[in-house]
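The values are calculated or read from the model by the stated rules, or taken from the named source; none is laboratory data. Please read these numbers as outputs of a predicted model, since none were measured by experiment. Positions of Cβ are generated from backbone atoms using ideal geometry, with glycine treated the same way; all protein chains shown enter the neighbour counts. Only protein heavy atoms, including side chains, enter the accessible area calculation; ligands, DNA and RNA are left aside. Shrake-Rupley method; radii C 1.70, N 1.55, O 1.52, S 1.80 Å.
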Amino acid sequence: MSDGICIAIDAMGGDFGPRVVIPASVDALRRHPQLTLQLVGQQAVIAPLLAKVLSKRSDKDLLSRLTIIDAENVIANDERPSHALRKRADTSMFRAIPQVAEGSAQACVSAGNTGALMALGRFTLKMLPGIDRPAIITAIPSVCGVSYMLDLGANVDCSAEHLLQFAIMGSVMTRAVEAISEPRIGLLNVGAEETKGNEQVKLASRLIREHGGLNYVGFIEGDDIFTGKVDVVVCDGFVGNIALKSSEGVARLIGRQLRVSFSRSLLRRMMAVLVSPVLEEIRAHIDPARRNGASLLGLQGIVVKSHGSANRKCFGYAIDQAVAEVRMDVPGSINRQLESQIG
(Lines give C-alpha, C1' and ligand atoms only; values in the text may rest on other atoms or scores of the structure.)
Protein backbone atom coordinates (compact mmCIF):
# COMPACT_ATOMS: atom_id res chain seq x y z
CA MET A 1 0.00 0.00 0.00
CA SER A 2 1.38 3.45 -0.90
CA ASP A 3 1.93 6.14 1.71
CA GLY A 4 -0.91 8.24 0.29
CA ILE A 5 -4.37 7.79 1.84
CA CYS A 6 -7.63 8.98 0.32
CA ILE A 7 -10.85 9.09 2.35
CA ALA A 8 -14.36 9.87 1.14
CA ILE A 9 -16.28 12.10 3.55
CA ASP A 10 -20.08 12.29 3.69
CA ALA A 11 -20.09 16.07 4.09
CA MET A 12 -23.86 16.36 4.65
CA GLY A 13 -24.40 13.73 7.37
CA GLY A 14 -24.96 14.34 11.07
CA ASP A 15 -26.78 16.94 13.11
CA PHE A 16 -24.58 19.82 11.92
CA GLY A 17 -23.54 18.64 8.45
CA PRO A 18 -20.99 20.72 6.52
CA ARG A 19 -20.65 23.33 9.29
CA VAL A 20 -18.73 20.73 11.30
CA VAL A 21 -17.52 18.32 8.62
CA ILE A 22 -15.73 20.88 6.43
CA PRO A 23 -13.54 22.51 9.10
CA ALA A 24 -12.86 19.09 10.68
CA SER A 25 -11.74 17.77 7.30
CA VAL A 26 -9.35 20.69 6.79
CA ASP A 27 -7.94 20.09 10.28
CA ALA A 28 -7.34 16.44 9.33
CA LEU A 29 -5.39 17.50 6.23
CA ARG A 30 -3.12 19.57 8.46
CA ARG A 31 -2.54 16.61 10.81
CA HIS A 32 -1.91 14.05 8.05
CA PRO A 33 0.33 15.37 5.24
CA GLN A 34 -0.18 12.16 3.23
CA LEU A 35 -3.99 12.47 3.34
CA THR A 36 -6.34 13.53 0.52
CA LEU A 37 -10.09 13.88 0.94
CA GLN A 38 -13.17 13.61 -1.24
CA LEU A 39 -15.94 15.81 0.15
CA VAL A 40 -19.27 14.41 -1.02
CA GLY A 41 -22.35 16.60 -0.85
CA GLN A 42 -23.96 19.76 -2.13
CA GLN A 43 -21.22 21.68 -3.91
CA ALA A 44 -23.11 24.96 -3.55
CA VAL A 45 -22.92 24.56 0.23
CA ILE A 46 -19.47 23.00 0.54
CA ALA A 47 -17.51 25.42 -1.68
CA PRO A 48 -18.31 28.64 0.27
CA LEU A 49 -17.55 26.93 3.58
CA LEU A 50 -14.23 25.70 2.22
CA ALA A 51 -13.35 29.19 1.03
CA LYS A 52 -14.11 30.54 4.51
CA VAL A 53 -12.07 27.88 6.33
CA LEU A 54 -9.17 28.18 3.90
CA SER A 55 -9.00 31.97 4.15
CA LYS A 56 -5.31 32.06 5.08
CA ARG A 57 -2.81 32.24 2.25
CA SER A 58 -0.80 29.42 3.85
CA ASP A 59 -3.85 27.12 3.59
CA LYS A 60 -4.28 27.42 -0.15
CA ASP A 61 -2.05 24.39 -0.83
CA LEU A 62 -4.59 22.24 1.02
CA LEU A 63 -7.03 22.77 -1.85
CA SER A 64 -4.93 20.48 -4.03
CA ARG A 65 -5.68 17.66 -1.59
CA LEU A 66 -9.45 18.20 -1.66
CA THR A 67 -12.02 17.10 -4.22
CA ILE A 68 -15.72 17.93 -4.12
CA ILE A 69 -18.11 15.28 -5.44
CA ASP A 70 -21.52 16.86 -5.97
CA ALA A 71 -24.59 15.12 -4.48
CA GLU A 72 -27.84 17.02 -4.17
CA ASN A 73 -29.78 14.88 -1.69
CA VAL A 74 -29.29 13.98 1.96
CA ILE A 75 -30.50 10.94 3.91
CA ALA A 76 -32.38 12.18 6.98
CA ASN A 77 -31.40 10.96 10.44
CA ASP A 78 -34.82 9.36 10.97
CA GLU A 79 -35.12 7.83 7.51
CA ARG A 80 -35.73 4.10 7.23
CA PRO A 81 -32.83 2.13 5.71
CA SER A 82 -35.19 0.60 3.13
CA HIS A 83 -36.22 4.06 1.96
CA ALA A 84 -32.58 5.19 1.90
CA LEU A 85 -31.78 2.31 -0.44
CA ARG A 86 -34.58 3.32 -2.80
CA LYS A 87 -33.56 7.00 -2.98
CA ARG A 88 -29.83 6.30 -2.81
CA ALA A 89 -28.78 7.44 -6.29
CA ASP A 90 -27.92 11.08 -5.57
CA THR A 91 -27.45 11.17 -1.80
CA SER A 92 -24.16 12.19 -0.23
CA MET A 93 -23.89 8.97 1.77
CA PHE A 94 -24.46 6.69 -1.19
CA ARG A 95 -22.08 8.58 -3.44
CA ALA A 96 -19.37 8.48 -0.75
CA ILE A 97 -19.40 4.71 -0.13
CA PRO A 98 -18.90 3.65 -3.80
CA GLN A 99 -15.66 5.63 -3.86
CA VAL A 100 -14.30 2.87 -1.62
CA ALA A 101 -15.82 0.07 -3.71
CA GLU A 102 -14.34 1.54 -6.88
CA GLY A 103 -10.90 2.04 -5.32
CA SER A 104 -10.73 5.83 -5.63
CA ALA A 105 -10.87 6.08 -1.81
CA GLN A 106 -9.66 3.69 0.87
CA ALA A 107 -12.26 4.52 3.52
CA CYS A 108 -15.52 6.38 4.06
CA VAL A 109 -16.50 8.49 7.08
CA SER A 110 -20.06 9.59 7.83
CA ALA A 111 -21.98 11.05 10.76
CA GLY A 112 -25.28 10.23 9.07
CA ASN A 113 -28.09 7.75 9.69
CA THR A 114 -26.55 4.57 11.16
CA GLY A 115 -29.11 2.16 9.72
CA ALA A 116 -28.80 3.68 6.26
CA LEU A 117 -25.00 3.62 6.46
CA MET A 118 -25.06 -0.06 7.33
CA ALA A 119 -27.59 -0.90 4.60
CA LEU A 120 -25.75 1.08 1.92
CA GLY A 121 -22.42 -0.36 3.07
CA ARG A 122 -23.74 -3.90 2.71
CA PHE A 123 -25.32 -3.12 -0.65
CA THR A 124 -22.25 -1.42 -2.10
CA LEU A 125 -19.21 -3.01 -0.47
CA LYS A 126 -20.69 -6.46 0.27
CA MET A 127 -19.81 -8.64 3.25
CA LEU A 128 -16.59 -10.49 3.85
CA PRO A 129 -16.97 -14.23 3.15
CA GLY A 130 -18.24 -15.99 6.28
CA ILE A 131 -19.81 -12.86 7.81
CA ASP A 132 -23.58 -12.33 7.72
CA ARG A 133 -23.89 -8.83 9.16
CA PRO A 134 -21.62 -5.86 9.85
CA ALA A 135 -21.07 -4.95 13.49
CA ILE A 136 -20.24 -1.57 14.98
CA ILE A 137 -17.12 -1.58 17.17
CA THR A 138 -15.35 1.16 19.09
CA ALA A 139 -12.73 1.57 21.79
CA ILE A 140 -13.96 2.12 25.34
CA PRO A 141 -11.85 3.22 28.33
CA SER A 142 -10.69 0.67 30.90
CA VAL A 143 -8.38 0.71 33.89
CA CYS A 144 -5.72 -0.91 31.68
CA GLY A 145 -6.12 1.49 28.75
CA VAL A 146 -8.88 0.55 26.32
CA SER A 147 -11.06 -2.39 25.42
CA TYR A 148 -13.18 -2.85 22.30
CA MET A 149 -16.92 -3.47 22.30
CA LEU A 150 -19.26 -4.76 19.60
CA ASP A 151 -22.01 -4.67 18.44
CA LEU A 152 -23.06 -1.14 19.36
CA GLY A 153 -26.31 -0.79 17.45
CA ALA A 154 -26.06 -2.20 13.95
CA ASN A 155 -27.95 -5.40 14.87
CA VAL A 156 -30.56 -5.28 17.63
CA ASP A 157 -31.48 -8.93 17.09
CA CYS A 158 -28.60 -11.40 16.81
CA SER A 159 -28.31 -15.16 16.68
CA ALA A 160 -25.64 -17.10 18.54
CA GLU A 161 -23.79 -17.54 15.24
CA HIS A 162 -23.74 -13.76 14.74
CA LEU A 163 -22.21 -13.30 18.20
CA LEU A 164 -19.52 -15.84 17.28
CA GLN A 165 -18.73 -13.85 14.13
CA PHE A 166 -18.54 -10.65 16.20
CA ALA A 167 -16.09 -12.35 18.55
CA ILE A 168 -13.85 -13.35 15.65
CA MET A 169 -13.90 -9.88 14.08
CA GLY A 170 -13.37 -8.10 17.39
CA SER A 171 -10.44 -10.35 18.20
CA VAL A 172 -8.80 -9.71 14.82
CA MET A 173 -9.25 -5.93 15.01
CA THR A 174 -7.92 -5.75 18.55
CA ARG A 175 -4.92 -7.82 17.54
CA ALA A 176 -4.24 -5.47 14.63
CA VAL A 177 -4.89 -2.16 16.39
CA GLU A 178 -3.46 -2.89 19.83
CA ALA A 179 -0.86 -5.52 18.87
CA ILE A 180 -2.27 -7.99 21.42
CA SER A 181 -1.33 -11.52 20.39
CA GLU A 182 -4.31 -13.25 22.05
CA PRO A 183 -7.07 -10.73 22.89
CA ARG A 184 -9.24 -11.84 25.78
CA ILE A 185 -12.90 -12.10 24.74
CA GLY A 186 -15.85 -11.78 27.09
CA LEU A 187 -19.56 -12.25 26.32
CA LEU A 188 -21.74 -9.67 28.06
CA ASN A 189 -24.42 -11.31 30.18
CA VAL A 190 -26.60 -10.78 33.27
CA GLY A 191 -24.26 -12.98 35.30
CA ALA A 192 -20.89 -14.70 35.10
CA GLU A 193 -22.26 -18.19 35.79
CA GLU A 194 -22.79 -20.52 32.85
CA THR A 195 -26.42 -21.05 33.91
CA LYS A 196 -27.26 -17.34 33.57
CA GLY A 197 -28.66 -15.60 30.49
CA ASN A 198 -31.08 -16.39 27.70
CA GLU A 199 -30.73 -19.34 25.35
CA GLN A 200 -29.17 -17.21 22.62
CA VAL A 201 -26.33 -16.06 24.89
CA LYS A 202 -25.80 -19.53 26.37
CA LEU A 203 -25.50 -21.05 22.89
CA ALA A 204 -23.16 -18.26 21.77
CA SER A 205 -20.94 -18.96 24.75
CA ARG A 206 -20.65 -22.62 23.76
CA LEU A 207 -19.91 -21.74 20.14
CA ILE A 208 -17.20 -19.23 21.05
CA ARG A 209 -15.63 -21.58 23.59
CA GLU A 210 -15.54 -24.48 21.11
CA HIS A 211 -14.19 -22.36 18.26
CA GLY A 212 -10.45 -22.65 17.75
CA GLY A 213 -8.22 -19.61 17.81
CA LEU A 214 -10.18 -17.46 20.26
CA ASN A 215 -9.04 -16.59 23.78
CA TYR A 216 -12.49 -16.75 25.38
CA VAL A 217 -12.69 -16.04 29.12
CA GLY A 218 -16.46 -16.56 29.47
CA PHE A 219 -19.35 -14.37 30.55
CA ILE A 220 -18.76 -10.90 31.96
CA GLU A 221 -21.25 -8.60 33.67
CA GLY A 222 -21.85 -4.93 33.03
CA ASP A 223 -19.53 -3.81 35.82
CA ASP A 224 -16.65 -5.70 34.17
CA ILE A 225 -16.79 -3.70 30.93
CA PHE A 226 -14.33 -1.06 32.13
CA THR A 227 -12.12 -3.13 34.44
CA GLY A 228 -9.75 -4.38 31.76
CA LYS A 229 -10.75 -7.97 32.47
CA VAL A 230 -11.20 -8.50 28.73
CA ASP A 231 -9.91 -6.85 25.57
CA VAL A 232 -13.09 -7.50 23.55
CA VAL A 233 -16.66 -7.24 24.86
CA VAL A 234 -19.19 -9.06 22.67
CA CYS A 235 -22.95 -8.42 22.77
CA ASP A 236 -25.88 -7.76 20.47
CA GLY A 237 -26.52 -4.23 19.23
CA PHE A 238 -29.52 -3.62 21.49
CA VAL A 239 -27.57 -4.30 24.68
CA GLY A 240 -24.35 -2.73 23.39
CA ASN A 241 -25.91 0.56 22.38
CA ILE A 242 -27.64 0.98 25.74
CA ALA A 243 -24.44 0.10 27.61
CA LEU A 244 -22.39 2.56 25.55
CA LYS A 245 -24.86 5.43 25.87
CA SER A 246 -25.18 4.77 29.61
CA SER A 247 -21.41 4.95 30.05
CA GLU A 248 -21.24 8.18 28.07
CA GLY A 249 -23.93 9.65 30.32
CA VAL A 250 -22.05 8.63 33.45
CA ALA A 251 -18.83 10.18 32.09
CA ARG A 252 -20.65 13.48 31.50
CA LEU A 253 -22.23 13.28 34.98
CA ILE A 254 -18.83 12.82 36.62
CA GLY A 255 -17.41 15.77 34.70
CA ARG A 256 -20.34 17.99 35.63
CA GLN A 257 -20.23 17.03 39.31
CA LEU A 258 -16.51 17.73 39.51
CA ARG A 259 -17.01 21.20 38.03
CA VAL A 260 -19.86 21.95 40.45
CA SER A 261 -17.98 20.60 43.48
CA PHE A 262 -14.81 22.59 42.79
CA SER A 263 -16.76 25.83 42.24
CA ARG A 264 -18.56 25.91 45.59
CA SER A 265 -15.97 27.98 47.45
CA LEU A 266 -12.80 29.98 46.93
CA LEU A 267 -10.76 27.26 48.65
CA ARG A 268 -12.15 24.61 46.34
CA ARG A 269 -11.44 26.74 43.28
CA MET A 270 -7.84 27.09 44.45
CA MET A 271 -7.66 23.34 44.96
CA ALA A 272 -9.01 22.84 41.43
CA VAL A 273 -6.08 24.81 40.03
CA LEU A 274 -3.63 22.59 41.90
CA VAL A 275 -5.22 19.32 40.78
CA SER A 276 -6.16 20.46 37.27
CA PRO A 277 -3.46 18.32 35.55
CA VAL A 278 -4.83 15.22 37.28
CA LEU A 279 -8.42 16.13 36.46
CA GLU A 280 -7.50 16.74 32.82
CA GLU A 281 -5.81 13.34 32.64
CA ILE A 282 -8.93 11.66 34.05
CA ARG A 283 -11.22 13.62 31.76
CA ALA A 284 -9.17 12.73 28.70
CA HIS A 285 -9.29 9.04 29.58
CA ILE A 286 -13.04 8.76 30.17
CA ASP A 287 -14.26 11.37 27.66
CA PRO A 288 -16.38 9.48 25.07
CA ALA A 289 -15.77 12.18 22.47
CA ARG A 290 -12.08 11.31 22.28
CA ARG A 291 -13.05 7.89 20.95
CA ASN A 292 -15.55 9.15 18.42
CA GLY A 293 -15.36 6.93 15.38
CA ALA A 294 -16.96 3.50 15.36
CA SER A 295 -16.07 1.02 12.62
CA LEU A 296 -18.48 -1.15 10.65
CA LEU A 297 -16.63 -4.45 10.73
CA GLY A 298 -17.42 -7.23 8.29
CA LEU A 299 -17.63 -5.13 5.13
CA GLN A 300 -15.19 -5.48 2.25
CA GLY A 301 -14.00 -1.95 2.88
CA ILE A 302 -13.52 0.57 5.69
CA VAL A 303 -16.53 2.57 6.86
CA VAL A 304 -16.30 4.68 10.02
CA LYS A 305 -19.40 6.06 11.74
CA SER A 306 -19.11 9.32 13.66
CA HIS A 307 -21.59 10.40 16.32
CA GLY A 308 -24.32 12.45 14.67
CA SER A 309 -23.84 15.20 17.28
CA ALA A 310 -20.05 15.30 16.91
CA ASN A 311 -18.40 18.71 16.95
CA ARG A 312 -15.41 19.77 14.86
CA LYS A 313 -12.80 18.11 17.04
CA CYS A 314 -14.82 14.91 17.53
CA PHE A 315 -15.48 14.43 13.81
CA GLY A 316 -11.74 14.81 13.34
CA TYR A 317 -11.23 11.83 15.63
CA ALA A 318 -13.41 9.75 13.30
CA ILE A 319 -11.23 10.73 10.34
CA ASP A 320 -8.15 9.80 12.37
CA GLN A 321 -9.73 6.40 13.05
CA ALA A 322 -10.25 5.83 9.34
CA VAL A 323 -6.63 6.79 8.61
CA ALA A 324 -5.41 4.30 11.22
CA GLU A 325 -7.55 1.47 9.82
CA VAL A 326 -6.28 2.11 6.30
CA ARG A 327 -2.70 1.95 7.52
CA MET A 328 -3.37 -1.34 9.31
CA ASP A 329 -5.52 -2.81 6.50
CA VAL A 330 -8.15 -3.96 9.00
CA PRO A 331 -10.54 -5.59 6.45
CA GLY A 332 -7.63 -7.51 4.93
CA SER A 333 -6.52 -8.72 8.37
CA ILE A 334 -10.04 -9.85 9.22
CA ASN A 335 -10.45 -11.62 5.88
CA ARG A 336 -7.19 -13.52 6.30
CA GLN A 337 -8.26 -14.69 9.74
CA LEU A 338 -11.71 -15.63 8.51
CA GLU A 339 -10.22 -17.80 5.79
CA SER A 340 -8.47 -19.86 8.44
CA GLN A 341 -11.08 -19.71 11.23
CA ILE A 342 -14.49 -20.00 9.57
CA GLY A 343 -15.25 -23.19 7.76
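Could you tell me how many of the residues in the range 284-309 are part of a loop (DSSP other than H, G, I, E, B), over 12 Å from the mean Cα position of the chain (by Cα) and either within 23 Å of Ile168 (Cα to Cα) or at pLDDT 70 or above (or both)?
4
Within the range 88-104, can one find any residue that is assigned to a loop (DSSP other than H, G, I, E, B) and within 30 Å of Lys52 (Cα to Cα)?
Checking the range 88-104: at least one residue is assigned to a loop (DSSP other than H, G, I, E, B) and within 30 Å of Lys52 (Cα to Cα).
Condition (residue is modelled with pLDDT of 95 or more and either surrounded by 18 or more Cβ atoms within 10 Å (Cβ to Cβ) or hydrophobic (A, V, I, L, M, F, W, C) (or both)) applied to the range 46-62: is it met by at least one residue?
Yes, that holds for at least one residue.
Of Pro134, Pro183, Pro141, which residue is crowded, with 18+ Cβ neighbours inside 10 Å and more than 27 Å from Gly115 (Cα to Cα)? First the steps, then the outcome.
Values: Pro134 fails: more than 27 Å from Gly115 (Cα to Cα); Pro141 fails: more than 27 Å from Gly115 (Cα to Cα).
Just a single option satisfies the conditions, and that option is Pro183.
Limited to the range 241-286, what total is found for residues that are under 30 Å from Val156 (Cβ atoms), surrounded by 13 or more Cβ atoms within 10 Å (Cβ to Cβ) and of a type in the set (Gly, Ala, Ser)?
Selection size over the range 241-286: 4.
Is there any pair linking a residue in the range 243-257 that is free of Cβ contacts under 8 Å to residues at least 40 places away in the same chain to one that is open to solvent by 30 Å² or more (accessible area, probe 1.4 Å) and among the acidic types (Asp, Glu), with Cβ under 8 Å and at least six apart or on different chains, and which?
Pairs that qualify, where the first residue is free of Cβ contacts under 8 Å to residues at least 40 places away in the same chain and the partner is open to solvent by 30 Å² or more (accessible area, probe 1.4 Å) and among the acidic types (Asp, Glu), are Ala251/Asp287; Gly255/Asp287.
Counting just the residues of the range 151-195 that are in contact with a Pro (Cβ under 7 Å, 6 or more places away or on another chain) and of a type outside the set (Lys, Arg), which one comes out modelled with the lowest pLDDT?
Here the residue is Ala154.
Would you say Ser147 is under 24 Å from Val304 (Cα atoms), open to solvent by less than 20 Å² (accessible area, probe 1.4 Å) and either in contact (Cβ under 8 Å) with a residue 60 or more places away in the chain or among the small types (Gly, Ala, Ser) (or both)?
yes
Tally the residues that are out of contact with any Lys or Arg (no Cβ under 8 Å at 6 or more places or on another chain), polar (S, T, N, Q) and part of a helix (DSSP H, G or I), restricting the search to the range 105-152.
1
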